[in-house]
Amino acid sequence: MNFQDKLPAKPPRILCIGMPVRDLIFRVNELPARGNKKRATHYSELSGGNAFNAGVAITRLGGRVLMSGPMGDAREKSSMYMFDDMKREGIDGSAVIHMPGLVTPISNIMIDQTGERTIVTYRDPELWKVKLPNPDELLADCDAILTESRCAEFVTDVCVEARARGIPVILDADYIMSLREGLLVASSHIVFSSEALHATAGLTDDTEALRKIAELTPAFLAVTNGAQGMLWLDKEHQPHHLPSFPVHTVDTLGAGDVFHGAFALAVAEKQPLERAMRFSSAAAALKCTRFGGAFASPQRTEVEALLQESPALRLA
């Protein structure tokens, strides 16, 4: 039986907490050398940011999303643009906080012919002073939280409260963290990028780095490595590898965020761990076959079809 047949009638609701970002995207044949210029072959402007992108993926896959976190002044065009995108994607933006006089984060993104992306982002330091809504308001009808490691300063308290209520907290760790960071303990599931894992643990071997983090937190720990797949630790701290789905990659922008969104939804749906990771990997792989950042996220039926077509792709 397809796991989708077992899903509850009411889709899970995921609280996505992060910093929405306005993405200015340039496709180039190759990146310019330092001090040089290159002509872009294509330009687009999209709403983005880790949690926002994950929210798009979740709604495409059948979940419900409440978005929270800081944005710039309500009068700026970026804010209005992003709220229009939230509405189109079915994301509830009622818990987003406008910061008077501040600018919504903005990214300059260059994507080369291999689909790899190079990013420069500006985030106003004042955005970290945001005060989120009351936890009772945020956690009402909440089946899981998805948040970003860079937001630890203002999300840790609500994550601690969520765990006290038995609500899973999935952490997208793509930014270096202190080993004393409370969010490491306040999360039930942590998925690192390889760069963030190595920087946080101070080790370059994925398994040993994960084991070092495991000494500090009871959370499920994994690391994603793009085309090389992902590695995770079981309860005995033994490593397991899941290869990536073989696809023709044209755009990796937002793929990690799609993975995290799909994984958060799978956790909220109480999918078995192996299936949750295969489900998330399939969603991210399909996204990589299309341009458009997270707005190229697949529908649920596409992910389920890829899983059916690739039954041999299992954990090792």
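The values are calculated or read from the model by the stated rules, or taken from the named source; none is laboratory data. Keep in mind the model is a prediction, meaning the values are calculated, not measured. Cβ sites come from the backbone with ideal geometry, for glycine too, and all protein chains shown count toward neighbours.
If you go through region 190-209 one residue at a time, do you hit one that is on the phi > 0 side of the Ramachandran plot and surrounded by fewer than 23 Cβ atoms within 10 Å (Cβ to Cβ)? Yes, because at least one residue in region 190-209 is on the phi > 0 side of the Ramachandran plot and surrounded by fewer than 23 Cβ atoms within 10 Å (Cβ to Cβ).
Taking region 240-316 and the helices (runs of 4 or more DSSP H) fully enclosed by it, the elements with 2 or more residues that are closer than 25 Å to HIS42 by Cβ are at 255-268, 273-288. In region 115-128, how many residues are touching a residue at least 12 places away in the same chain (Cβ under 8 Å) and out of contact with any strand residue (DSSP E or B) (no Cβ under 6 Å at 6 or more places or on another chain)? Going through region 115-128 one residue at a time, the tally reaches 6. Going by what's in this entry, would THR104 be described as touching a residue at least 24 places away in the same chain (Cβ under 8 Å) and over 25 Å from ALA284 (Cα atoms)? Judged against the criteria, THR104 is a match. The set of residues from region 198-232 being in contact (Cβ under 8 Å) with a residue 24 or more places away in the chain and closer than 26 Å to VAL303 by Cα comprises PHE220, LEU221, ALA222, VAL223, THR224, ASN225, GLY226, GLY229, MET230, LEU231, TRP232. Considering region 10-59, the residues that are of a type in the set (Val, Ile, Thr), in a strand (DSSP E or B) and modelled with pLDDT under 95 include one that is nearest to the chain's Cα centre (by Cα), namely VAL21. Within region 273-295, if we keep just the residues that are at pLDDT below 95, over 13 Å from SER244 (Cβ atoms) and not basic (Lys, Arg), the residue that is nearest to the chain's Cα centre (by Cα) turns out to be ALA294.
Outside any strand (DSSP E or B) and over 30 Å from ARG39 (Cβ atoms): which single residue out of ILE167, ILE97, ILE145 fits that description?
ILE167
Those residues that are over 14 Å from ASP205 (Cβ atoms), out of contact with any helix residue (DSSP H, G or I) (no Cβ under 7 Å at 6 or more places or on another chain) and surrounded by 14 or more Cβ atoms within 10 Å (Cβ to Cβ), I need them from region 233-244; list them, please. If the condition is that a residue be over 14 Å from ASP205 (Cβ atoms), out of contact with any helix residue (DSSP H, G or I) (no Cβ under 7 Å at 6 or more places or on another chain) and surrounded by 14 or more Cβ atoms within 10 Å (Cβ to Cβ), then HIS240, PRO243 are the ones that fit. Taken over region 99-123, the residue count meeting the criterion of being surrounded by fewer than 17 Cβ atoms within 10 Å (Cβ to Cβ) and of a type outside the set (A, V, I, L, M, F, W, C) is 10. Filtering region 60-84 to residues that are surrounded by fewer than 19 Cβ atoms within 10 Å (Cβ to Cβ) and at pLDDT 95 or above leaves only GLY62.
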